[in-house]
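> The structure follows.
The values are calculated or read from the model by the stated rules, or taken from the named source; none is laboratory data. Only a predicted model underlies this, so the values are computations on that prediction, with no experimental measurement involved. Cβ placement follows ideal geometry from the backbone for every residue including glycine, while neighbour counts extend to all protein chains displayed. Each accessible area value is taken on the protein alone, full model and side chains, heavy atoms only, with ligands, DNA and RNA left out. Shrake-Rupley method; radii C 1.70, N 1.55, O 1.52, S 1.80 Å.
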Amino acid sequence: MLRHHPLRSGALGAASLLVTTALLTSCSSGTQGATTLDEDADVTLTWWTGQADQAQTILTGLAEEFEQEHPNVTIEVSSGAPSTEDLLQKLSSSFAGGTYPDISYAFGSWASELADSGRTLDITDQVSDPAVGWEEFSGAARATAQPTGEETIGFPAVVDNISLIYNKTVFDRAGVEYPTEDWTWDDFRTAAKELTDPATTTYGYGYSVSGSEETTWQFWPHLWQNGGEILDESGTQATFDSEAGVEALTLLRDMAVEDESVYLDQTDTKFGQIFASDQIGMITSGPWSLYDLQTAGTDYGVVPLPGTDGDHTTISGADLWVLFDHQDANREYWAYEFTKWLTDPEQDVRWNVAYGNLPLRESEIDSPEFTAQVEEMPGLDVMAANSANATIPRPTVPGYVRLSEAIGTAISEVLQGQGDPAEALQRAADEATAALADT
């Protein structure tokens, strides 16, 4: 089964939409839309799901169910592009030609660029209705859907977070007690060192040093837990080189260089495989890993990330269903109604939960459907509860791609003993700030 991995796949956006902004004011679909709402009028909506295989089948079935309940609504469902990563470029082209959809899947890292396109709907007033249950979505998911802090451009589509996954076989072999939800950074470092055994090529922890977003987003929770921020309030200055950032990177450097307790993965993928084969004691990952671990027969457990002073902040990979404006009151109304319906708990347990993703809303955690999934993939319930620790979104600024590359390179160099944490982060912050200024 193909597993969706929003955190990794959605980290780096495609070509910037900003290059098309100047074209947008002169573009239109060429058809005058309804200026007043008629809920009974025939309406055709275009929905780009960004999905394939089983996920696409599930979503197509839900669209057909909505059509049966609302016979005047036709929903044209397609993936929208050859792959999810291609959707941003496809949207950019469709804006210029006036052929963009009513609803599209979008990685959270694209939110700011989509909001800047001038084509999105603002549904802030609608989601303020208590009946919508907007507060049931995680804080990071809500913030991702509101990239400017003002307009709400869509609903959360998929939410994820990373937790600490530990290999019980490795812990038992080393005689080390299992992690708890109260673990600190010191507990984490000590256990990683005790689990490491050069004689059996066993490591306490696995970390990517590819320099990709896989490297970067594993670092952000350490920064946040220590009181640091990625950017200043204006979103124009990188601040991850603060004392909080230096302390966080120093922890990882000390584990990797001094303790030699970290398997440094150049590929982004090997550390998960080595963990599954009982040669790494701990990794930080999300729900997408549980299916593979079950398949491999790995004996594992899951707890929230180790923290500082009781702060166990994690990172969320919230993706969106973005709604677009066609200057048609009827299409606008039904696009919103369908997306609200799709993200209601009754439907979400048949989409995200059935597919093996985390539920969108807290109220779904006690559902029979989610309970059944937890029985198949133990630890999924811990990850769902860990959504409460996903309070800070990754920046959605257009310059995030280059920012991520700058700090990802710095982290990789430092963990391989090739640089000083403070100097490396300062250099990366300067590069990131320059990148932000170029957008």
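> Criterion first (hydroxyl-bearing (Ser, Thr, Tyr) and closer than 13 Å to ASP102 by Cβ) does TYR300 satisfy it?
Details: hydroxyl-bearing (Ser, Thr, Tyr): yes; closer than 13 Å to ASP102 by Cβ: no.
Judged against the criteria, TYR300 is not a match.
Residues checked against (1) aromatic (Phe, Trp, Tyr); (2) touching a residue at least 24 places away in the same chain (Cβ under 8 Å); (3) in a helix (DSSP H, G or I):
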residue	(1), (2), (3)
GLY301	no, yes, no
TRP341	yes, yes, yes
ALA354	no, yes, yes
LEU358	no, yes, no
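> Here is a list of conditions, (1) under 30 Å from HIS222 (Cβ atoms); (2) at pLDDT 95 or above, and LEU323 meets all of them except one; can you say which number that is?
Of the numbered conditions (1) under 30 Å from HIS222 (Cβ atoms); (2) at pLDDT 95 or above, the odd one out for LEU323 is (1).
> Considering each residue of region 360-376, count those that are buried (at least 16 other Cβ atoms within 10 Å of the Cβ), touching a residue at least 24 places away in the same chain (Cβ under 8 Å) and more than 13 Å from VAL158 (Cα to Cα), and give that number.
Summing the residues that are buried (at least 16 other Cβ atoms within 10 Å of the Cβ), touching a residue at least 24 places away in the same chain (Cβ under 8 Å) and more than 13 Å from VAL158 (Cα to Cα) in region 360-376 gives 1.
> Looking at GLU194, is it open to solvent by 70 Å² or more (accessible area, probe 1.4 Å) and under 22 Å from the mean Cα position of the chain (by Cα)?
Details: open to solvent by 70 Å² or more (accessible area, probe 1.4 Å): yes; under 22 Å from the mean Cα position of the chain (by Cα): no.
For GLU194, the condition - open to solvent by 70 Å² or more (accessible area, probe 1.4 Å) and under 22 Å from the mean Cα position of the chain (by Cα) - is not met.
> Out of the strands (runs of 3 or more DSSP E) lying entirely within region 148-209, which hold 3 or more residues that are aromatic (Phe, Trp, Tyr)?
Values: elements: 154-158, 163-167, 203-208.
The qualifying strands (runs of 3 or more DSSP E) are 203-208.
> Within region 47-77, can you find the residues that are outside any helix (DSSP H, G or I), hydrophobic (A, V, I, L, M, F, W, C) and under 28 Å from the mean Cα position of the chain (by Cα)?
Selection gives TRP47, TRP48, ALA52, ILE75, VAL77.
> Also, quick follow-up: I'm told ARG253 meets every condition in (1) within 25 Å of PRO378 (Cα to Cα); (2) open to solvent by 40 Å² or more (accessible area, probe 1.4 Å); (3) assigned to a helix (DSSP H, G or I) except one. Can you identify the failing condition by its number?
(1)
> Let me ask you something else. Starting from residues that are open to solvent by less than 10 Å² (accessible area, probe 1.4 Å) and touching a Ser or Thr at 6+ places or on another chain (Cβ under 6 Å), keep the ones in region 226-238 and report whichever is farthest from ASP182 (Cα to Cα). It would help to see each step written out before you state the result.
Step one: filter region 226-238 for residues open to solvent by less than 10 Å² (accessible area, probe 1.4 Å), giving 228, 230, 238.
Still in the running and touching a Ser or Thr at 6+ places or on another chain (Cβ under 6 Å): 228, 238.
On the way: GLY228: 21, ALA238: 31 Å.
Once the filter is applied, the top-ranked residue is ALA238.
> Let me ask something else. Starting from region 42-66, take each residue that is within 19 Å of LEU91 (Cα to Cα) and list its partners that are assigned to a strand (DSSP E or B) and open to solvent by less than 20 Å² (accessible area, probe 1.4 Å), counting only C-beta distances under 6 angstrom and pairs at least six apart or across chains.
So the pair list comes out as LEU45/ILE75; TRP47/ILE75; TRP47/ILE103; TRP48/SER104; THR49/TYR105; GLY50/TYR105.
> Here is a follow-up. Looking only at region 228-267, how many residues end up being under 15 Å from ASP420 (Cβ atoms) and in contact (Cβ under 8 Å) with a residue 40 or more places away in the chain?
To start, the set of residues in region 228-267 that are under 15 Å from ASP420 (Cβ atoms) comprises 241, 243, 245-254, 256-258.
Now narrow it down to the ones that are in contact (Cβ under 8 Å) with a residue 40 or more places away in the chain: 241, 245-246, 249-254, 256-257.
Qualifying residue count, region 228-267: 11.
> Could you count how many residues in region 259-307 are of a type outside the set (A, V, I, L, M, F, W, C), on the phi < 0 side of the Ramachandran plot and either in contact with a Lys or Arg (Cβ under 9 Å, 6 or more places away or on another chain) or open to solvent by less than 30 Å² (accessible area, probe 1.4 Å) (or both)? Step through it out loud before you land on a result.
Our first condition is that a residue be of a type outside the set (A, V, I, L, M, F, W, C); within region 259-307, this holds for 259-261, 263, 265-270, 272-273, 277-279, 281, 284-287, 289, 291-292, 294-295, 297-301, 304, 306-307.
When the remaining residues are screened for being on the phi < 0 side of the Ramachandran plot, the result is 259, 261, 263, 265-267, 269-270, 272-273, 277, 279, 281, 284-287, 289, 291-292, 294-295, 298-301, 304, 306-307.
From the residues that got through so far, the ones that are either in contact with a Lys or Arg (Cβ under 9 Å, 6 or more places away or on another chain) or open to solvent by less than 30 Å² (accessible area, probe 1.4 Å) (or both) too are 259, 261, 263, 265, 272, 281, 284-287, 289, 291-292, 298-301, 304, 306-307.
Within region 259-307, residues that are of a type outside the set (A, V, I, L, M, F, W, C), on the phi < 0 side of the Ramachandran plot and either in contact with a Lys or Arg (Cβ under 9 Å, 6 or more places away or on another chain) or open to solvent by less than 30 Å² (accessible area, probe 1.4 Å) (or both) number 20.
> Tell me which of these ASP116 doesn't satisfy, since it passes every other one: (1) touching a residue at least 40 places away in the same chain (Cβ under 8 Å); (2) over 20 Å from the mean Cα position of the chain (by Cα); (3) open to solvent by less than 50 Å² (accessible area, probe 1.4 Å).
All conditions are met except number (3).
> Which of the residues spanning region 399-415 are over 15 Å from LEU249 (Cβ atoms) and either open to solvent by 10 Å² or more (accessible area, probe 1.4 Å) or among the basic types (Lys, Arg) (or both)?
Result: VAL401, ARG402, GLU405.
> Looking at ALA429, ALA437, which one is over 30 Å from THR46 (Cβ atoms) and open to solvent by 60 Å² or more (accessible area, probe 1.4 Å)?
Details: ALA429 fails: open to solvent by 60 Å² or more (accessible area, probe 1.4 Å).
On inspection, the qualifying residue turns out to be ALA437.
> Shifting gears a bit: Being farther than 25 Å from GLU346 by Cα, in contact with a Cys (Cβ under 7 Å, 6 or more places away or on another chain) and part of a loop (DSSP other than H, G, I, E, B), is that true of even one residue in region 92-111?
Yes, region 92-111 contains a residue that is farther than 25 Å from GLU346 by Cα, in contact with a Cys (Cβ under 7 Å, 6 or more places away or on another chain) and part of a loop (DSSP other than H, G, I, E, B).
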